[in-house]
Amino acid sequence: MKITFFSNFLSPHQVPFSQAMAENKEIDYHFVATSQLPEEYRLLGYPDEDGAHGFCLTAYDSAENREKALELARTSDVILIGSAPKEYSREGIAAGAMVLRYSERLLKDRQYAVLPPKKFAGIWLRYLHTAAKPVYLLCASAYTAADYAKAGAFGHKAYKWGYFPQTRHYELQTLMDSKQAASLLWCGRLIRWKHPELAVKTAARLRREGVPFTLKIIGNGELEQPLRRMIDEEKLSDCVFLLGAMSPEQVREQMEQAQIFLFPSDFHEGWGAVLNESMNSGCAVVASHAPGSVPYLLKNGENGLIYENGDEDAFYRKVRYLLEHPQRCRSLGANAYRTVTELWNAETAAQRLSCLIGELKRSGRCELYADGPCSPAQKLKNNWFEEAKNAADDTEK
(Lines give C-alpha, C1' and ligand atoms only; values in the text may rest on other atoms or scores of the structure.)
Protein backbone atom coordinates (compact mmCIF):
# COMPACT_ATOMS: atom_id res chain seq x y z
CA MET A 1 0.00 0.00 0.00
CA LYS A 2 1.40 3.39 -1.01
CA ILE A 3 0.76 6.22 1.46
CA THR A 4 1.95 9.79 0.88
CA PHE A 5 1.81 12.61 3.41
CA PHE A 6 1.70 16.12 1.90
CA SER A 7 2.47 19.03 4.22
CA ASN A 8 4.35 22.34 4.30
CA PHE A 9 7.57 21.02 5.86
CA LEU A 10 8.79 18.05 7.86
CA SER A 11 8.79 19.34 11.43
CA PRO A 12 10.43 17.49 14.35
CA HIS A 13 6.89 16.76 15.54
CA GLN A 14 6.17 14.82 12.32
CA VAL A 15 9.44 12.91 12.04
CA PRO A 16 8.74 10.11 14.57
CA PHE A 17 5.39 9.28 12.94
CA SER A 18 6.93 9.33 9.47
CA GLN A 19 9.77 7.08 10.61
CA ALA A 20 7.30 4.62 12.11
CA MET A 21 5.34 4.57 8.85
CA ALA A 22 8.48 4.17 6.74
CA GLU A 23 9.63 1.19 8.85
CA ASN A 24 6.42 -0.72 8.09
CA LYS A 25 7.41 -3.16 5.36
CA GLU A 26 3.81 -3.37 4.13
CA ILE A 27 3.72 0.37 3.38
CA ASP A 28 5.48 2.33 0.65
CA TYR A 29 5.62 5.62 2.54
CA HIS A 30 6.54 9.10 1.29
CA PHE A 31 6.47 12.58 2.83
CA VAL A 32 6.23 15.54 0.45
CA ALA A 33 7.42 18.90 1.82
CA THR A 34 5.87 21.73 -0.20
CA SER A 35 7.77 24.67 1.36
CA GLN A 36 10.98 25.36 3.25
CA LEU A 37 11.31 25.47 7.03
CA PRO A 38 10.24 29.01 8.10
CA GLU A 39 12.92 31.28 9.52
CA GLU A 40 11.07 31.68 12.83
CA TYR A 41 11.43 27.94 13.42
CA ARG A 42 15.11 28.04 12.54
CA LEU A 43 15.59 30.76 15.16
CA LEU A 44 13.89 28.52 17.72
CA GLY A 45 16.48 25.84 17.03
CA TYR A 46 14.41 23.53 14.82
CA PRO A 47 16.59 21.34 12.59
CA ASP A 48 15.87 21.27 8.85
CA GLU A 49 14.58 17.71 8.51
CA ASP A 50 13.51 17.85 4.85
CA GLY A 51 16.77 16.57 3.39
CA ALA A 52 17.66 14.22 6.25
CA HIS A 53 15.31 11.33 5.44
CA GLY A 54 15.03 9.11 2.39
CA PHE A 55 11.23 9.10 2.54
CA CYS A 56 11.03 12.91 2.13
CA LEU A 57 10.61 14.61 -1.25
CA THR A 58 11.13 18.41 -1.35
CA ALA A 59 8.60 19.53 -3.95
CA TYR A 60 9.72 23.16 -3.62
CA ASP A 61 13.26 22.43 -4.83
CA SER A 62 12.55 22.10 -8.55
CA ALA A 63 9.92 21.65 -11.23
CA GLU A 64 11.06 18.05 -11.53
CA ASN A 65 10.39 17.39 -7.85
CA ARG A 66 7.00 19.08 -8.04
CA GLU A 67 6.04 16.77 -10.91
CA LYS A 68 7.25 13.78 -8.85
CA ALA A 69 5.02 14.99 -6.02
CA LEU A 70 2.01 15.23 -8.34
CA GLU A 71 2.74 11.72 -9.59
CA LEU A 72 2.74 10.46 -6.00
CA ALA A 73 -0.67 12.08 -5.55
CA ARG A 74 -1.96 10.24 -8.64
CA THR A 75 -0.51 6.84 -7.73
CA SER A 76 -0.92 6.64 -3.94
CA ASP A 77 -3.60 4.48 -2.39
CA VAL A 78 -3.92 6.88 0.55
CA ILE A 79 -3.07 10.57 0.86
CA LEU A 80 -2.60 12.44 4.13
CA ILE A 81 -2.95 16.15 3.40
CA GLY A 82 -1.97 18.85 5.87
CA SER A 83 -0.95 22.43 5.08
CA ALA A 84 -0.29 21.85 1.39
CA PRO A 85 -1.65 23.13 -1.93
CA LYS A 86 -5.09 21.73 -2.83
CA GLU A 87 -3.83 20.44 -6.17
CA TYR A 88 -2.38 17.35 -4.47
CA SER A 89 -5.67 16.26 -2.90
CA ARG A 90 -7.52 17.06 -6.13
CA GLU A 91 -5.16 14.81 -8.11
CA GLY A 92 -5.49 12.04 -5.55
CA ILE A 93 -9.29 12.17 -5.39
CA ALA A 94 -9.51 12.16 -9.18
CA ALA A 95 -7.31 9.04 -9.23
CA GLY A 96 -9.46 7.28 -6.62
CA ALA A 97 -7.21 7.60 -3.58
CA MET A 98 -8.48 7.70 -0.01
CA VAL A 99 -7.80 11.15 1.41
CA LEU A 100 -7.24 11.86 5.10
CA ARG A 101 -7.43 15.59 5.75
CA TYR A 102 -5.08 16.50 8.63
CA SER A 103 -6.31 19.70 10.28
CA GLU A 104 -6.18 21.83 13.39
CA ARG A 105 -9.32 23.77 14.30
CA LEU A 106 -10.84 26.47 12.09
CA LEU A 107 -12.12 28.87 14.78
CA LYS A 108 -9.13 29.83 16.91
CA ASP A 109 -10.50 33.32 17.46
CA ARG A 110 -13.38 33.18 19.96
CA GLN A 111 -15.07 36.24 18.47
CA TYR A 112 -16.52 33.86 15.87
CA ALA A 113 -19.37 31.76 17.27
CA VAL A 114 -19.96 30.50 13.73
CA LEU A 115 -17.81 30.26 10.65
CA PRO A 116 -17.48 33.51 8.67
CA PRO A 117 -19.68 33.18 5.55
CA LYS A 118 -16.80 33.10 3.09
CA LYS A 119 -14.98 30.35 4.98
CA PHE A 120 -18.23 28.43 5.51
CA ALA A 121 -19.01 28.54 1.79
CA GLY A 122 -15.50 27.45 0.81
CA ILE A 123 -15.47 24.45 3.14
CA TRP A 124 -19.05 23.43 2.38
CA LEU A 125 -18.59 23.59 -1.38
CA ARG A 126 -15.29 21.71 -1.22
CA TYR A 127 -16.77 19.04 1.03
CA LEU A 128 -19.95 18.80 -1.05
CA HIS A 129 -17.90 17.52 -3.99
CA THR A 130 -16.23 14.84 -1.86
CA ALA A 131 -18.98 13.86 0.62
CA ALA A 132 -19.64 10.57 -1.18
CA LYS A 133 -15.95 9.86 -1.68
CA PRO A 134 -13.44 8.27 0.73
CA VAL A 135 -12.38 11.58 2.27
CA TYR A 136 -11.97 11.69 6.05
CA LEU A 137 -10.78 14.10 8.74
CA LEU A 138 -7.83 13.57 11.11
CA CYS A 139 -8.38 16.04 13.95
CA ALA A 140 -5.17 17.69 15.18
CA SER A 141 -7.24 19.49 17.81
CA ALA A 142 -10.07 18.35 20.04
CA TYR A 143 -12.13 21.23 18.59
CA THR A 144 -11.59 20.42 14.90
CA ALA A 145 -14.58 18.11 14.40
CA ALA A 146 -17.01 20.67 15.86
CA ASP A 147 -15.59 23.49 13.75
CA TYR A 148 -15.95 21.51 10.51
CA ALA A 149 -19.42 20.37 11.55
CA LYS A 150 -20.47 24.04 11.55
CA ALA A 151 -19.88 23.93 7.81
CA GLY A 152 -21.79 20.67 7.48
CA ALA A 153 -18.55 18.80 6.80
CA PHE A 154 -17.35 15.29 7.71
CA GLY A 155 -19.98 14.32 10.30
CA HIS A 156 -19.07 10.79 11.50
CA LYS A 157 -15.99 10.78 9.23
CA ALA A 158 -13.72 12.50 11.81
CA TYR A 159 -11.06 10.79 13.94
CA LYS A 160 -8.75 11.87 16.75
CA TRP A 161 -5.22 12.66 15.73
CA GLY A 162 -2.55 15.16 16.79
CA TYR A 163 1.18 15.79 16.74
CA PHE A 164 3.60 13.12 17.88
CA PRO A 165 7.01 14.38 19.03
CA GLN A 166 9.77 11.94 19.89
CA THR A 167 8.79 9.68 22.77
CA ARG A 168 11.55 8.95 25.26
CA HIS A 169 11.55 5.94 27.54
CA TYR A 170 12.96 6.34 31.04
CA GLU A 171 13.22 4.25 34.16
CA LEU A 172 10.23 6.02 35.66
CA GLN A 173 11.25 6.02 39.32
CA THR A 174 14.69 7.37 38.43
CA LEU A 175 13.12 10.13 36.33
CA MET A 176 10.75 11.16 39.11
CA ASP A 177 13.50 11.03 41.76
CA SER A 178 15.62 13.41 39.67
CA LYS A 179 13.02 16.19 39.65
CA GLN A 180 14.03 19.47 41.30
CA ALA A 181 11.83 20.22 44.29
CA ALA A 182 9.15 22.92 43.87
CA SER A 183 10.23 23.60 40.27
CA LEU A 184 7.93 25.22 37.69
CA LEU A 185 8.56 25.43 33.94
CA TRP A 186 6.94 27.39 31.11
CA CYS A 187 8.10 26.99 27.50
CA GLY A 188 7.12 28.51 24.15
CA ARG A 189 7.23 31.68 22.10
CA LEU A 190 6.73 34.71 24.30
CA ILE A 191 3.56 35.88 22.59
CA ARG A 192 0.18 37.00 23.86
CA TRP A 193 -1.98 33.95 23.24
CA LYS A 194 0.50 31.65 25.02
CA HIS A 195 0.18 33.83 28.16
CA PRO A 196 3.62 33.62 29.76
CA GLU A 197 2.55 36.59 31.90
CA LEU A 198 0.21 34.26 33.81
CA ALA A 199 3.21 32.23 34.92
CA VAL A 200 4.87 35.39 36.27
CA LYS A 201 1.65 36.60 37.92
CA THR A 202 1.31 33.23 39.63
CA ALA A 203 4.93 33.42 40.74
CA ALA A 204 4.35 36.86 42.27
CA ARG A 205 1.35 35.58 44.20
CA LEU A 206 3.23 32.51 45.41
CA ARG A 207 6.03 34.76 46.67
CA ARG A 208 3.58 37.06 48.48
CA GLU A 209 1.93 34.09 50.16
CA GLY A 210 5.21 32.49 51.21
CA VAL A 211 5.13 29.37 49.01
CA PRO A 212 8.65 28.25 47.99
CA PHE A 213 9.27 27.66 44.26
CA THR A 214 11.48 28.37 41.28
CA LEU A 215 10.14 29.21 37.82
CA LYS A 216 12.06 28.88 34.56
CA ILE A 217 10.70 30.44 31.36
CA ILE A 218 12.11 29.24 28.03
CA GLY A 219 11.59 31.15 24.79
CA ASN A 220 11.83 34.53 23.13
CA GLY A 221 9.38 36.90 21.50
CA GLU A 222 7.52 40.18 21.79
CA LEU A 223 6.69 39.79 25.49
CA GLU A 224 10.27 39.33 26.67
CA GLN A 225 10.81 42.92 27.82
CA PRO A 226 7.37 43.26 29.47
CA LEU A 227 8.09 40.04 31.36
CA ARG A 228 11.46 41.36 32.50
CA ARG A 229 9.75 44.48 33.82
CA MET A 230 7.17 42.35 35.68
CA ILE A 231 9.93 40.29 37.26
CA ASP A 232 11.81 43.42 38.36
CA GLU A 233 8.71 45.16 39.69
CA GLU A 234 7.69 42.11 41.72
CA LYS A 235 11.30 41.51 42.89
CA LEU A 236 11.32 37.97 41.54
CA SER A 237 14.79 37.86 39.99
CA ASP A 238 15.99 35.34 42.57
CA CYS A 239 13.27 32.78 41.75
CA VAL A 240 12.03 33.50 38.20
CA PHE A 241 14.53 33.00 35.39
CA LEU A 242 14.15 33.92 31.70
CA LEU A 243 16.38 31.43 29.87
CA GLY A 244 15.81 32.61 26.29
CA ALA A 245 15.44 30.31 23.29
CA MET A 246 16.82 26.79 23.57
CA SER A 247 17.27 23.86 21.23
CA PRO A 248 14.66 21.07 21.41
CA GLU A 249 17.24 18.90 23.17
CA GLN A 250 17.88 21.54 25.84
CA VAL A 251 14.14 22.05 26.32
CA ARG A 252 13.66 18.35 27.00
CA GLU A 253 16.47 18.42 29.55
CA GLN A 254 14.69 21.22 31.40
CA MET A 255 11.41 19.28 31.29
CA GLU A 256 13.11 16.23 32.76
CA GLN A 257 14.19 18.33 35.75
CA ALA A 258 10.91 20.20 36.30
CA GLN A 259 8.16 18.94 38.60
CA ILE A 260 5.34 21.11 37.22
CA PHE A 261 4.75 22.32 33.68
CA LEU A 262 2.56 25.39 33.11
CA PHE A 263 0.44 25.45 29.94
CA PRO A 264 -1.89 28.50 30.05
CA SER A 265 -2.36 29.02 26.28
CA ASP A 266 -5.77 30.11 25.00
CA PHE A 267 -7.87 28.93 22.03
CA HIS A 268 -5.30 30.18 19.51
CA GLU A 269 -3.10 27.20 20.46
CA GLY A 270 -4.01 24.73 17.74
CA TRP A 271 -2.33 21.77 19.42
CA GLY A 272 0.69 22.52 21.64
CA ALA A 273 3.35 19.79 21.32
CA VAL A 274 4.99 21.02 24.54
CA LEU A 275 2.17 19.17 26.29
CA ASN A 276 3.21 15.83 24.76
CA GLU A 277 6.84 16.53 25.61
CA SER A 278 6.29 17.67 29.19
CA MET A 279 4.01 14.71 29.92
CA ASN A 280 6.59 12.36 28.41
CA SER A 281 9.12 13.99 30.77
CA GLY A 282 7.04 13.13 33.83
CA CYS A 283 5.84 16.66 34.59
CA ALA A 284 2.60 17.29 36.43
CA VAL A 285 0.85 19.71 34.05
CA VAL A 286 -1.48 22.57 34.93
CA ALA A 287 -3.22 23.45 31.67
CA SER A 288 -5.95 25.70 30.34
CA HIS A 289 -8.82 23.78 28.77
CA ALA A 290 -8.41 25.76 25.53
CA PRO A 291 -5.41 24.26 23.62
CA GLY A 292 -6.38 21.60 21.12
CA SER A 293 -4.21 18.91 22.73
CA VAL A 294 -5.58 19.23 26.27
CA PRO A 295 -8.96 17.45 25.95
CA TYR A 296 -7.26 14.57 24.10
CA LEU A 297 -4.17 14.07 26.28
CA LEU A 298 -5.25 15.17 29.77
CA LYS A 299 -7.85 13.72 32.11
CA ASN A 300 -8.43 16.20 34.90
CA GLY A 301 -7.20 14.90 38.24
CA GLU A 302 -5.78 11.70 36.71
CA ASN A 303 -2.74 12.68 34.68
CA GLY A 304 -2.79 16.47 35.07
CA LEU A 305 -4.89 19.39 36.25
CA ILE A 306 -7.09 21.47 33.95
CA TYR A 307 -8.55 24.88 34.70
CA GLU A 308 -11.08 26.93 32.76
CA ASN A 309 -9.35 29.21 30.28
CA GLY A 310 -9.16 32.77 31.64
CA ASP A 311 -9.68 31.82 35.30
CA GLU A 312 -6.40 33.08 36.72
CA ASP A 313 -7.40 32.29 40.29
CA ALA A 314 -8.06 28.63 39.42
CA PHE A 315 -4.68 28.48 37.66
CA TYR A 316 -2.99 29.79 40.80
CA ARG A 317 -4.88 27.41 43.12
CA LYS A 318 -3.90 24.36 41.12
CA VAL A 319 -0.23 25.36 40.90
CA ARG A 320 -0.11 26.02 44.64
CA TYR A 321 -1.90 22.74 45.35
CA LEU A 322 0.79 20.78 43.50
CA LEU A 323 3.61 22.65 45.23
CA GLU A 324 2.07 21.84 48.60
CA HIS A 325 1.28 18.19 47.73
CA PRO A 326 4.48 16.75 46.22
CA GLN A 327 3.26 13.14 46.29
CA ARG A 328 0.14 14.05 44.29
CA CYS A 329 2.39 16.00 41.95
CA ARG A 330 4.57 12.93 41.48
CA SER A 331 1.58 10.67 40.88
CA LEU A 332 0.14 12.97 38.20
CA GLY A 333 3.53 13.23 36.51
CA ALA A 334 3.96 9.46 36.45
CA ASN A 335 0.49 9.00 34.97
CA ALA A 336 1.25 11.67 32.36
CA TYR A 337 4.37 9.76 31.37
CA ARG A 338 2.37 6.54 30.96
CA THR A 339 -0.25 8.32 28.82
CA VAL A 340 2.40 9.25 26.26
CA THR A 341 4.49 6.09 26.33
CA GLU A 342 1.48 3.75 26.23
CA LEU A 343 -1.01 5.60 24.01
CA TRP A 344 -0.27 9.05 22.57
CA ASN A 345 2.92 8.32 20.65
CA ALA A 346 4.05 8.01 17.05
CA GLU A 347 4.36 4.23 17.04
CA THR A 348 0.81 3.71 18.32
CA ALA A 349 -0.50 6.34 15.89
CA ALA A 350 1.20 4.68 12.90
CA GLN A 351 -0.04 1.20 13.83
CA ARG A 352 -3.58 2.44 14.44
CA LEU A 353 -3.65 4.46 11.23
CA SER A 354 -2.96 1.32 9.21
CA CYS A 355 -5.88 -0.40 10.94
CA LEU A 356 -8.08 2.67 10.47
CA ILE A 357 -7.37 2.72 6.74
CA GLY A 358 -8.18 -0.98 6.46
CA GLU A 359 -11.51 -0.57 8.26
CA LEU A 360 -12.45 2.49 6.22
CA LYS A 361 -11.73 0.64 3.01
CA ARG A 362 -13.94 -2.24 4.14
CA SER A 363 -16.93 -0.38 5.56
CA GLY A 364 -16.39 3.39 5.41
CA ARG A 365 -16.43 3.61 9.23
CA CYS A 366 -14.11 2.62 12.05
CA GLU A 367 -14.84 2.23 15.76
CA LEU A 368 -11.93 0.00 16.71
CA TYR A 369 -10.67 2.36 19.42
CA ALA A 370 -12.50 3.97 22.34
CA ASP A 371 -9.81 6.59 23.00
CA GLY A 372 -6.52 7.87 21.67
CA PRO A 373 -5.32 8.20 18.07
CA CYS A 374 -7.82 7.07 15.42
CA SER A 375 -10.76 6.83 17.82
CA PRO A 376 -13.92 8.67 16.69
CA ALA A 377 -13.67 12.43 17.28
CA GLN A 378 -16.49 14.03 19.26
CA LYS A 379 -17.81 17.47 18.37
CA LEU A 380 -16.40 19.22 21.42
CA LYS A 381 -17.65 22.68 22.35
CA ASN A 382 -15.41 25.48 23.63
CA ASN A 383 -17.19 25.39 26.99
CA TRP A 384 -16.79 21.63 27.56
CA PHE A 385 -14.81 22.11 30.77
CA GLU A 386 -17.44 24.36 32.29
CA GLU A 387 -19.98 21.63 31.65
CA ALA A 388 -17.69 19.00 33.21
CA LYS A 389 -17.04 20.77 36.50
CA ASN A 390 -19.01 18.18 38.45
CA ALA A 391 -15.97 15.94 38.00
CA ALA A 392 -13.71 18.41 39.83
CA ASP A 393 -10.31 17.34 41.13
CA ASP A 394 -9.05 17.70 44.71
CA THR A 395 -8.00 21.32 44.23
CA GLU A 396 -11.64 22.36 43.86
CA LYS A 397 -12.77 20.79 47.15
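The values are calculated or read from the model by the stated rules, or taken from the named source; none is laboratory data. All figures in this text were calculated on a predicted structure; none of them were measured in a lab. Positions of Cβ are backbone-derived with ideal geometry, glycine not excepted, and every protein chain shown enters the neighbour counts. In case anyone asks, the SASA skips ligands and DNA or RNA and just uses the protein heavy atoms, side chains included. Shrake-Rupley method; radii C 1.70, N 1.55, O 1.52, S 1.80 Å.
Here is a yes/no grid of residues against (1) assigned to a helix (DSSP H, G or I); (2) surrounded by 18 or more Cβ atoms within 10 Å (Cβ to Cβ); (3) hydroxyl-bearing (Ser, Thr, Tyr):
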| site | (1), (2), (3) |
| --- | --- |
| Phe315 | yes, yes, no |
| Leu323 | yes, yes, no |
| Ser331 | yes, no, yes |
| Ala334 | yes, no, no |
| Leu356 | yes, yes, no |
| Leu360 | yes, yes, no |
| Cys366 | no, yes, no |
| Ala370 | no, no, no |
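Okay, residues lined up against (1) closer than 20 Å to Ala290 by Cβ; (2) at pLDDT below 95:
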| residue | (1), (2) |
| --- | --- |
| Trp344 | yes, no |
| Glu347 | no, no |
| Glu359 | no, no |
| Tyr369 | no, no |
| Lys389 | yes, yes |
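In region 213-234, the residues that are touching a residue at least 24 places away in the same chain (Cβ under 8 Å) and within 17 Å of Ala203 (Cα to Cα) form Cβ pairs under 7 Å with partners that are outside any helix (DSSP H, G or I) and polar (S, T, N, Q), at six or more places apart or across chains, as follows: Thr214/Ser183; Ile231/Ser237. For region 8-23, how many residues are closer than 22 Å to Gly92 by Cα and open to solvent by 10 Å² or more (accessible area, probe 1.4 Å)? Final tally of qualifying residues: 4.
Looking only at residues in region 275-297 that are closer than 13 Å to Ser141 by Cβ and not in a helix (DSSP H, G or I), the one that is nearest to the chain's Cα centre (by Cα) is Ser293. Checking each residue of region 339-352 against the condition of being in contact with a Leu (Cβ under 7 Å, 6 or more places away or on another chain), buried (at least 16 other Cβ atoms within 10 Å of the Cβ), in a loop (DSSP other than H, G, I, E, B) and among the aromatic types (Phe, Trp, Tyr) gives at least one match. When region 189-218 is limited to residues that are buried (at least 22 other Cβ atoms within 10 Å of the Cβ) and small (Gly, Ala, Ser), the one that is nearest to Val285 (Cα to Cα) turns out to be Ala199.
If you check Gln259 against the conditions, is it open to solvent by 10 Å² or more (accessible area, probe 1.4 Å), within 27 Å of Ile3 (Cβ to Cβ) and of a type outside the set (Lys, Arg)? It is false that Gln259 is open to solvent by 10 Å² or more (accessible area, probe 1.4 Å), within 27 Å of Ile3 (Cβ to Cβ) and of a type outside the set (Lys, Arg).
Quick check, is Glu269 under 16 Å from Leu190 (Cα atoms), surrounded by 16 or more Cβ atoms within 10 Å (Cβ to Cβ) and among the acidic types (Asp, Glu)? Considered against the rule, which asks whether it is under 16 Å from Leu190 (Cα atoms), surrounded by 16 or more Cβ atoms within 10 Å (Cβ to Cβ) and among the acidic types (Asp, Glu), Glu269 comes out as yes. Taking the conditions (1) farther than 26 Å from Ser247 by Cα; (2) under 24 Å from the mean Cα position of the chain (by Cα) in turn, Asp61 satisfies each one other than (2).
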